[in-house]
Amino acid sequence: MNRHQRNHEREGEVEKEAKKPHNGDAMTGQADEAKKSENGSQGPGRQDDQPGQPEDIKALKESLKAKEEELVKRKEELDQMKDLMMRRQADFDNYKKRMVKSQDEYRKLAIKDMSIDIIQINDDILRALEAAACVDPEQLPASHSSFIDGVSMISRRIEEMLKKYGVKEIESLNTEFDPSANEAVEITESGEVTRDTITKVYQKGFMLDDSVVRAARVRVTRPSRNSPAGATPAAEEACGSLAEDAQQAKS
C-alpha cells in the first residue's frame, strides 16, 4: 500500500514539473513583450524620422541633383567670364599695338613734311652759293647786294616753315626781361629805362605753344643808380642776381 502511494505521489510531482515553464522560455517571452511594448510606445511617427526611408532618400537625391545643376551653371558662368577676360586682354594688346604703330606713322609723316620744307630751303641755299661762285669780280658790289637779298629771303622762308609747325619767334626786343624765355649774356645800366629791359637780341629764341624751344640770348639794360663812385654795391649785387636768374632759366 505504501509503495503504491509513493509511486502515485511521484507521478503527480512529474506532472507539476512538466506544467511549469522553463527559465529560458520565460526570459525570451519577457524580452518579446518588452520589445513589443517599446515599439508600441514609439508610434508610427518615430519610424518615419529614421534615415533610410524611401521619402528621405528621394529628397536627398533631388537636393543633390539641384546642387549639381547649380554647380554646372556656375562653372559655365566662370568659363564665360574667363573667355571674356581673355578677349578683353587681347583687344587691349591690339589697341596698344595700333597706338604704337599710329604714333610711329604720325612721327614719320611729321618728319617727312618738315624734311620736304628743309630740302626746298636747302635748294635755295645751294643756288645762292652757285650764283656767288660765278660772280664776276668787276660786278662784285651788285652781286653782293643780290647775295644779301637772297640769304635774307632764305631766312624768311625758314621762319615761315617754323610757323607752319607752330614754332614761333620769342618777341624779346624792348620788352621786360623774362628769365624763363631769355638768357642774359650782357647787363648794362642806363637812365633811359625804368625796369630791366632787353635792348639787344644776339640770338633769336623760339617757342612751341607754351614750351621754350630755345631761349633768346639778349642784353639786359637796368635802370642806373647814380652815385659819386658810379654804380653802388647794391646795383652790382642786383646785376649779379640777374645773371644768376638768367643762368638758372637756361639750365
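The values are calculated or read from the model by the stated rules, or taken from the named source; none is laboratory data. In this text, all values refer to a predicted model and were calculated from it rather than measured experimentally. We place every Cβ from the backbone using ideal geometry, glycine too, and count neighbours over all the protein chains shown.
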- Message: Which condition from (1) of a type outside the set (D, E, K, R); (2) outside the structural domain of I121 (by TED's automatic domain parsing); (3) within 29 Å of N122 (Cα to Cα) is the one that T221 breaks?
- Response: (3)
- Task: Can you tell me which residue among D124, D83 is acidic (D, E), farther than 19 Å from L208 by Cβ and touching a residue at least 24 places away in the same chain (Cβ under 8 Å)?
- Result: D124
- Message: Against the condition modelled with pLDDT of 90 or more, part of a helix (DSSP H, G or I) and among the acidic types (D, E), how does D91 come out, does it pass?
- Response: yes
- Mind listing whichever residues of the stretch 165-192 are surrounded by fewer than 18 Cβ atoms within 10 Å (Cβ to Cβ), among the aliphatic types (A, V, I, L, M) and assigned to a loop (DSSP other than H, G, I, E, B)? L173
- Within the stretch 118-141, can one find any residue that is in contact with a Lys or Arg (Cβ under 8 Å, 6 or more places away or on another chain) and either exposed (fewer than 11 other Cβ atoms within 10 Å of the Cβ) or not in a helix (DSSP H, G or I) (or both)? no
- Task: State the number of residues belonging to the stretch 193-202 that are surrounded by fewer than 12 Cβ atoms within 10 Å (Cβ to Cβ) and assigned to a strand (DSSP E or B).
- Result: 1
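Let's see how each residue does on (1) modelled with pLDDT under 90; (2) farther than 25 Å from M161 by Cα:
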site	(1), (2)
E183	no, no
T188	no, yes
D210	yes, no
R214	yes, no
V220	no, yes
